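A.B. asks: A single structure is presented below for examination.
FYI, it's all coordinate maths here, none of it is from the lab. Note that the structure is a prediction, hence the values are computed from the model and not measured. Note: ideal-geometry Cβ built from the backbone for every residue, glycine included; neighbour counts use all protein chains shown.
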Amino acid sequence: MKAVSNPDLYRRLPSVDDLLHQPELVRLAGREGHVALTDAARAVLSRLREEIAAGRLEAAAVDLAVAGLPAAVERRLRQTLGYSLRPVINATGVILHTNLGRAPLSAAALDHVRETAASYSNLEFDLVSGQRGKRDLHVDRLLHKLLAESSPTPVSTIVVNNNAAAVLLALNTLAEGGEVIVSRGELVEIGGSFRIPEVMTKSNATLREVGTTNRTRIADYERVINEKTCLLLRVHRSNFEITGFTEQPALEELVSLSRRRNLPLMEDLGSGALVDLRAAGINNEPGVLDSLRAGVDVVTYSGDKLLGGPQAGLLSGRSDLIARMRSNSLFRALRVDKLIYASLEAILLAYVKQDHDAIPALRMMRLTRHEIRKRGAELAAQLRSARWSVEIMDGDSLLGGGSAPSAVLPTSLLALSCDGRSADDLSEALRNSSPPIIVRVEQGRVLLDLRTVFPAQDRLILSALKQIES
């Protein structure tokens, strides 16, 4: 039966005007402004009326809520005027967590962004000639140092807002009105429903599929080349694997075919590693240098994955092809701003200096299980109490972000349970802490992987857990 609301309960609620005249809120209005405070008060009272109408509040509960109205209005005001985009602590062990913003930026990148954003800059101004310059030169000069020796031809780089945009720009520039040959086993979909066939349609190029899902040979490519063929495309399967009865042409075979038929070869690499990751235990993940060294003409890759920088799409390859893309009107629509260039420049400088530990994502990849276990043991020793059960156990961290889908990094996990609290309840409480802490929940326990937690954040986790206990 539907609950019947009691009109007397509504009469217990103050008017907006009466509520705003309470001393606590008068002082708050002086700091935050009358308009914002009024909106917050109306929202809180409206919520209470909804609760009464639904029959969820009795007289005692209404009186308690009325007594707490000033505090409720202040909380509502803080939510309204506060930032929605907030820093969180990533205790999931997923290094490039797409939902948590992928690669965190280095201190040098943040400093360079801050000084560039707080003033004017030479973004498109040549300080030597005093004339207008090109914004992409700020990172092109550094990537030239990193890539030039690996490429058999002069190499250049331009930057757009993400890798999907890089693929769109390259296809539109090199194959508009023509055909692009790609293996059926590489017609991938990544996060956000980005599909290779659909972006090809948007680029006004025609997809020419060859081979089968699991087996494609070089002869399949050669068989369909015709006068309309503009480009050979290889797409790295960065977020899944095909195993079993499979076959795929070696990159060298595709390069040889592209040379014989005078067709450019493009590779959508996606993850964009600039260093050999085998030392970190990550095998079979192709890098940008590997592709250029093999003779690929254009490589597209992300800035915020294995590169460890901001969201961006980079196109590196033959200077003449990159120049064509730079002159495409789409490039202006897809270009990035000074903040992205500043952060990318700082990240690339770390690569030039070979200071890879300055890049947080790379540093996290290199952490050993022993190092993580030691930190976990120190945290556990400070946490153990009558209510908390803490176990240190072996586990795996993931790269995430659509990179190296089969690669796992051995780690050490903190498995937590608290007397009287379910794992889901604890996870929610940690998400509601300040700053929010994001964890894994498996088999009825909360799991924390300190690989993706900055050491300075350990004390914040400990404080949040002790607050939950109390």
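A.B. asks: Which one, 380, 359, 464, is farthest towards the positive end of the dipole of the chain when Lys and Arg carry +1 and Asp and Glu -1 on their Cβ?
C.D. replies: Going by the Cα projections, it comes out as 359.
A.B. asks: What's the magnitude of the charge dipole for the stretch 261-342 around its Cα centre, counting Lys and Arg as +1 and Asp and Glu as -1 at the beta-carbon? Answer in Debye, nearest 20.
C.D. replies: Numbers: 10 positive and 9 negative charges, 68 e Å.
For the stretch 261-342, the charge dipole is close to 320 debye.
A.B. asks: Here is a follow-up. Any idea what Rg and Dmax come out to for the stretch 7-81 if you just take the C-alpha atoms, in Å?
C.D. replies: Reported Rg and Dmax, both Å: 12.2, 36.
A.B. asks: Assuming R0 = 25 Å, what is the FRET efficiency of residue 176 and residue 224, from their Cβ-Cβ distance, to the nearest 0.05? Working shown, then result.
C.D. replies: Details: r = 19 Å, r/R0 = 0.76.
For R0 = 25 Å, the calculated efficiency reads 0.85.
A.B. asks: Moving on to the next point. Working out 0.36 nm times the residue gap between residue 39 and residue 150, then minus their Cα-Cα distance, what length gain in nm do you get to one decimal? Spell out each step's value before the answer.
C.D. replies: Values: separation 111, 0.36 × 111 = 39.96 nm, distance 6.05 nm.
Taking residue 39 through residue 150 to full extension adds about 33.9 nm, to one decimal.
A.B. asks: Okay, moving on. Which whole-angstrom value gives the distance between the alpha carbon centres of the stretch 443-470 and the stretch 98-177?
C.D. replies: Using only Cα atoms, the two centres lie 37 Å from each other.
A.B. asks: For the residue pair residue 293 and residue 119, what label-to-label distance in nm results when each label sits 7 Å from Cα along the Cα-to-beta-carbon direction?
C.D. replies: Result for the modelled spin labels: 4.0 nm.
A.B. asks: Put +1 on the Cβ of every Lys and Arg and -1 on every Asp and Glu Cβ in the stretch 42-147; which of 64, 105, 53 then has its Cα farthest towards the positive end of the dipole?
C.D. replies: After comparing all options, I get 105.
A.B. asks: Using the Cα centre as the reference, give the magnitude of the dipole from point charges on the C-beta atoms of the stretch 1-147 (Lys, Arg: +1; Asp, Glu: -1; all else neutral), rounded to the nearest 20 debye.
C.D. replies: Details: 20 positive and 17 negative charges, 72 e Å.
Magnitude of the dipole: close to 340 debye.
A.B. asks: Only one of the values (i) 1.36; (ii) 1.07; (iii) 0.97 was calculated from this structure for Rg/Rh (Cα atoms, Kirkwood Rh); name its label.
C.D. replies: Read-out taken from this structure: (ii).
A.B. asks: Assign one of three labels to the stretch 354-429, namely rounded, prolate or oblate, based on the Cα gyration tensor with a ≥ b ≥ c the square roots of its eigenvalues; rounded applies when a/c is under 1.5, prolate when it is not and a/b is larger than b/c, and oblate otherwise.
C.D. replies: On the way: a/c = 2.58, a/b = 1.79, b/c = 1.44.
Prolate, since a/c reaches 1.5 and a/b exceeds b/c.
A.B. asks: Put a dot 7 Å past each Cα toward the Cβ at residue 206 and residue 469; how far apart are the dots in nm?
C.D. replies: 6.9
A.B. asks: Listed highest first by mean packing, meaning other Cβ atoms within 10 Å per residue, what order do 387-393, 223-229, 408-414 come in?
C.D. replies: On the way: 387-393: 15.0, 223-229: 12.3, 408-414: 22.0.
Packing proxy ranking, top to bottom: 408-414, 387-393, 223-229.
A.B. asks: Give me the one-decimal nm value for the distance between modelled label points at residue 337 and residue 419, 7 Å along each residue's Cα-to-Cβ direction.
C.D. replies: 5.3
A.B. asks: Over the chain, what is the percentage of antiparallel beta bridges among all DSSP beta bridges, to the nearest 5?
C.D. replies: Working: 34 of 55 bridges.
Restricted to the chain, the bridges split so that about 60 percent are antiparallel.
A.B. asks: Using θ = phi - 60° and the Karplus relation 6.51 cos²θ - 1.76 cosθ + 1.60, list the HN-Hα couplings for the stretch 262-279 in order, rounded to whole Hz, with x at every Gly or Pro.
C.D. replies: Running phi through 6.51 cos²θ - 1.76 cosθ + 1.60 with θ = phi - 60° gives 6, 10, x, 10, 10, 10, 8, 7, x, 6, x, 6, 9, 10, 6, 8, 4, 5 Hz.
A.B. asks: Nothing charged except the Cβ atoms of Lys and Arg (+1) and of Asp and Glu (-1): what's the magnitude of the dipole of the chain about its Cα centre? Round to the nearest 20 debye.
C.D. replies: On the way: 58 positive and 56 negative charges, 68 e Å.
So the dipole magnitude of the chain works out to roughly 320 debye.
A.B. asks: In nm, what is the difference between 0.36 nm times the number of residues separating residue 110 and residue 141 and their Cα-Cα distance? Mind showing how you got there, number by number?
C.D. replies: Numbers: separation 31, 0.36 × 31 = 11.16 nm, distance 2.05 nm.
Extra length available between residue 110 and residue 141 comes to 9.1 nm.
A.B. asks: 5 Å is the cut-off here: which amide hydrogens, built 1.01 Å from N in the peptide plane, fall below it relative to residue 396, excluding neighbours closer than 5 in sequence?
C.D. replies: 411
A.B. asks: How large is ³J(HN,Hα), in whole Hz, for each residue of the stretch 252-260 in order, when computed from phi with the Karplus curve 6.51 cos²θ - 1.76 cosθ + 1.60 and θ = phi - 60°, using x for Gly and Pro?
C.D. replies: Per-residue couplings from phi come out as 4, 5, 5, 4, 4, 5, 4, 6, 5 Hz.
A.B. asks: Now, a different point. Pop out the ³J(HN,Hα) list for the stretch 157-172 in order, Karplus 6.51 cos²θ - 1.76 cosθ + 1.60 with θ = phi - 60°, rounded to Hz; leave Gly and Pro as x.
C.D. replies: Once rounded to whole Hz, the list reads 9, 10, 10, 10, 7, 6, 5, 4, 5, 4, 5, 4, 5, 5, 5, 5.
A.B. asks: If you count, for each residue, the other Cβ atoms within 10 Å and average over each peptide, how do 91-102, 35-46, 157-168 line up from highest to lowest? Working shown, then result.
C.D. replies: On the way: 91-102: 20.9, 35-46: 18.1, 157-168: 24.2.
Highest-to-lowest ranking by the protection proxy: 157-168, 91-102, 35-46.
A.B. asks: Okay, next question. Taking the Cβ of each residue in 445, 384 as the centre, tally the other Cβ atoms inside 10 Å and list the residues starting with the fewest. Don't skip to the end; give the middle numbers.
C.D. replies: Numbers: 445 18, 384 10.
Lowest to highest Cβ neighbour count: 384, 445.
A.B. asks: Follow-up question, since we're still on this one. Taking 0.36 nm per residue of separation and subtracting the Cα-Cα distance, what length does fully extending residue 127 through residue 389 add? Write down the numbers at each step before the final one.
C.D. replies: Values: separation 262, 0.36 × 262 = 94.32 nm, distance 6.19 nm.
Between residue 127 and residue 389, full extension yields 88.1 nm more.
A.B. asks: Let me ask you something else. For every other residue with a beta carbon closer than 14 angstrom to the beta carbon of residue 368, add +1 if it is Lys or Arg and -1 if Asp or Glu, then tell me the sum.
C.D. replies: Values: positive: 363, 366, 369, 373, 374, 375, 451; negative: 357, 371, 394, 396, 449.
Neighbour charge sum, excluding residue 368 itself: +2.
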